[in-house]
1. From the list 73, 80, 52, pick out the single residue that is touching a helix residue (DSSP H, G or I) at 6+ places or on another chain (Cβ under 9 Å) and assigned to a loop (DSSP other than H, G, I, E, B).
2. Collect the residues in the range 227-242 that are over 19 Å from the mean Cα position of the chain (by Cα), surrounded by 15 or more Cβ atoms within 10 Å (Cβ to Cβ) and either within 12 Å of residue 214 (Cα to Cα) or at pLDDT 95 or above (or both), keeping them in residue-number order.
3. Could you list all residues from the range 199-222 that are in a helix (DSSP H, G or I) and in contact (Cβ under 8 Å) with a residue 60 or more places away in the chain?
4. Within the range 92-122, take every residue that is more than 21 Å from residue 262 (Cβ to Cβ), out of contact with any helix residue (DSSP H, G or I) (no Cβ under 8 Å at 6 or more places or on another chain) and modelled with pLDDT of 85 or more and give me the one that is surrounded by the most Cβ atoms within 10 Å (Cβ to Cβ).
5. Pairs please, first residue from the range 49-66 and closer than 17 Å to residue 77 by Cα, second anywhere and surrounded by 15 or more Cβ atoms within 10 Å (Cβ to Cβ) and at pLDDT below 90, Cβ atoms under 6 Å, 6+ apart in sequence or on different chains.
């Protein structure tokens, strides 16, 4: 946000945020203690009324004109309450309008809904999410928490997301194509589709080196994948500083999702000039609409297999990244801030 004319950005992060432990850590102007387990969340939630006055003083000292919640979390209601009492408008970036199977709990989505009802603006990253929010009544008359208030609904984009130095070109290692599934290992991510695709086509497996990396519960699909000779399954938490190495290792990212809002993993792949094989579900088709590096298929093992063969036989040419990822984020920030200034009558 410091790249936006007339705007100075201040950042508030959890004291336990992993990004604060890396060598090139960002400046944190307002560290806030949150939680690291269910019992600690319950304790922090119950003690929220007692911690609010001190938090209000700390926020007031920063004198913010606007607050943006970039990733909604259960304790954000405390911060939103403090900001509302200070008459600071709150903007919430909504990544998911609905719970995905195995992703969080109904309480989490209920808290997000209450947070949105206290906000001035909700920002959706895809039209898919925006449409679902409208269906749920967001941005419609009577949806606001305060009398006469109506949370506005805006759109923004998810630009390519860079993790460190740009890697070498895909396939420059000289071996079989390296295919990476990366992220939380949850049911909606379609691991069963990937497992069936590779298990039913041994010839495909012989042309690939596949890594499935992320954290999630034990699942039959993971067991099937682990038994395949071309596949390595790493069910573990991946620290922030390791993500760049994973992207550098791979030639292509696979997203065999059964449903999705958008994909941050794909945004990282695009920034690194990696191919993406994705199912055509949710907001993914929209995210990859004009992306030459992406190959889309139906959420079906046969079509996923055909698309992977197509990637192997005729990989799309690598177009130059005409605008660096960092500059695309600056452009998105400038566009969003321009819209927010107009909607909320903020000073230029």
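1. 73
2. 228, 231, 233, 235
3. 204
4. 117
5. none
The values are calculated or read from the model by the stated rules, or taken from the named source; none is laboratory data. No experiment lies behind these values; they were computed from the predicted model shown. A quick note on method: Cβ atoms are made from the backbone with ideal geometry, for glycine too, and the neighbour counts reach across all protein chains shown.
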